[in-house]
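S.K.: Would you mind keeping the following structure in view while I ask a few things?
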Amino acid sequence: MKINVGSFIIGKEEKEAINEILNSGRISEGEKVRKFEEEWAKFIGTKYAIALNSGTSALIAGLTALKHYNKHTIKENTKIITTPLTYIATSNAIVLSGFEPVYVDVDKNTYSITPQTIKAYLEQVDDIENHSLILPVHLMGYPCDMNKINKIAEKHGMITFEDSSQAHGSIYDNKKTGTFSLLSSYSFYIAHNIQAGELGAVTTDDYEIIRLIKKIKANGRACDCMVCTRSTTGCPKIKSYTGNDDFDPRFTHEMIGYNFKTMEFPAALGSTQLKKADQIIKKRQENVKYLNEGLDRFSDLLKLPEYNKNISYLAYPLTINNPDKISRKTLRQKLEERGIETRPLFGCIPTQQPAYKHLKSQYENKLPNAEYLGKNAFYIGCHQYLTQTDLDYIISTFKEVLK
Ligand SMILES: Cc1ncc(COP(=O)(O)O)c(C=O)c1O
């Protein structure tokens, strides 16, 4: 028996989508990417989406765009309030974009930062004006309390940027996560609810953000329209150019950027998954409910994930209640030996991740929930491909190892 954290079954539809691209002879960013962008914006409920080659690139490009965003520029070297408990890309993107991440504690039930922990942090700092942004992550699909977080941001002249990589289609206040901020990023890495191998996106209602990211993701080139005609004769930018030289926007660079462009293949796979989004989300919710019912008898040893129909579950997170009774290491080992794949809940970045060891003394004992979850929480799969036999096997395996 093998129960993976995530799986991706390449079916007929996926193969046809890939073959269509191969037959077209055009594999670099083109109409499949544009189509996915339109579909993703529609699914989330924003005016625009722009695809990039990963969720990490989406974060970096989004943060870089804000440095050039006329309506609310955020200055380099300012502080970004974020979560210590996430996949490390969120923090890495902040640092790589020239900002300083500052961490506030998370809630033990939702794994995410809260209005209370943000407020408590802001009350004891003496440089609020150096804080430019709040970047919450909807971890494991659990939405952060965005209305209250936005109020705090507004009060202090900050903006918000959601990392919605793990919450494709989660609902908060009747809208999808990713619609509560100026911009939001997503990862479609394998095992995420909508998956495409390697792919990311940013959504926003502001075309200025899209225009900036369009440049940033292509080495700062002058192209910034949504639909490239790929012919110099049809290019609106050239048509409106008033100079006398042979201006070519593809090779004129207006800012310093990256190559975060993507390919047609992941975008086409993303589109095939998106067609099944409702079923994927529903099946994952049903699996979480079923596992919760089956594992309820162990709730003295393990904190089970809160079930809620508004959550688009990335996985099935579990927290060890009393590490003296059973440690995460022992439990993970026993599950893995029996074919159930596990992952630690990322670790508390400033105190438990070696790459951030320079922050260890500053944060040690200041983020008790994140430190606890970082050491004692883990997750297993709850994905759409799990069968009834798989779910029953998970429950019987827990019974066997926890007896
Ligand atoms: C919360 C979060 N942010 C960012 C990323 C980075 O995305 P990617 O792996 O596509 O670069 C991930 C990836 O899983 C993630 O979970």
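S.K.: Report the semi-axes of the equivalent ellipsoid for region 117-237 in whole Å, largest first, where each axis is √(5λ) for an eigenvalue λ of the Cα gyration tensor.
M.R.: Value: 31, 20, 12 Å, ordered largest first.
S.K.: Give me a comma-separated list of calculated 3J(HN,Hα) values for region 141-156, in order, Karplus coefficients 6.51, -1.76, 1.60 applied at θ = phi - 60°, integers in Hz, x for any Gly or Pro.
M.R.: Residue by residue, region 141-156 yields x, 7, x, 6, 7, 5, 4, 6, 5, 5, 4, 5, 4, 4, 4, 9 Hz.
S.K.: Also, quick follow-up: What does the net charge come to around L345 if you take all other residues with beta carbon closer than 10 Å to its beta carbon, with K and R at +1 and D and E at -1?
M.R.: Around L345, the charge tally is +3.
S.K.: Consider just the alpha-carbon atoms of region 277-402 and return their Rg together with their Dmax, both in angstrom.
M.R.: Rg, Dmax (Cα atoms, Å): 15.7, 47.
S.K.: Rounded to the nearest 10 degrees, what's the angle between the helix 388-402 long axis and the longest principal axis of the chain, both from Cα atoms, 0 to 90?
M.R.: The angle comes out near 50 degrees.
S.K.: By average Cβ neighbour count within 10 Å, what is the ranking of 61-67, 91-97, 372-378 from highest down?
M.R.: By packing density, highest mean first, the sequence is 61-67, 372-378, 91-97.
S.K.: Can you compute 3J(HN,Hα) from phi for each residue in region 89-99, using the Karplus curve 6.51 cos²θ - 1.76 cosθ + 1.60 with θ = phi - 60°, rounded to whole Hz and x for Gly and Pro?
M.R.: Once rounded to whole Hz, the list reads 4, 4, 5, 4, 4, 4, 5, 5, 8, x, 10.
S.K.: Considering the convex hull of the alpha carbon atoms of the chain, report its projected area averaged over all viewing directions, in nm², one decimal.
M.R.: Over every viewing direction, the Cα hull of the chain projects on average to 21.0 nm².
S.K.: Before rounding to the nearest 500, sum -39500 (n - 2.57) across all DSSP H runs of length at least 4 in the chain and divide by the residue total; then give [θ] at 222 nm in deg cm²/dmol. Present the calculation step by step, with values, prior to reporting the outcome.
M.R.: Working: 15 runs with 155 residues, N = 403.
Theoretical 222 nm ellipticity from helices: -11500 deg cm²/dmol.
S.K.: Here is a further query. Relative to the first principal axis of the alpha-carbon coordinates of the chain, what is the inclination of helix 12-24, with its axis defined by its Cα atoms, in degrees from 0 to 90 and to the nearest 10?
M.R.: 20 degrees
S.K.: Which net charge results when you count Lys and Arg as +1 and Asp and Glu as -1 among the other residues whose beta-carbon is under 11 Å from that of L52?
M.R.: Local charge sum for L52: 0.
S.K.: Towards the positive end of the charge dipole of the chain, with charges on Cβ (+1 Lys, Arg; -1 Asp, Glu), say which of P249, I326, L269 has the farthest Cα.
M.R.: Farthest towards the positive end: I326.
S.K.: Any aspartates and glutamates with Cα under 14 Å of the K148 Cα? List them, leaving off those in the same chain fewer than 8 positions away.
M.R.: The qualifying aspartates and glutamates are E162, D173.
S.K.: Report the local net charge at M255: Lys and Arg +1, Asp and Glu -1, summed over other residues whose C-beta lies under 12 Å from its C-beta.
M.R.: Computed value for this residue: +4.
S.K.: Using θ = phi - 60° and the Karplus relation 6.51 cos²θ - 1.76 cosθ + 1.60, list the HN-Hα couplings for region 63-76 in order, rounded to whole Hz, with x at every Gly or Pro.
M.R.: 5, 5, 4, 5, 6, 10, 7, 4, 6, 7, 6, 10, 7, 4
S.K.: Starting from 0 in steps of 10 Å, tell me what percent of the Cα-Cα pairs of region 361-403 lands in each bin.
M.R.: Distribution as computed: 22, 32, 23, 18, 5 percent.
Quick note: the coordinates plus some simple rules give every number you see, no bench work behind them. Keep in mind that this is a model prediction, so the values were computed, not measured. Note that we place each Cβ from the backbone using ideal geometry, even for glycine, and neighbour counts take in every protein chain shown.
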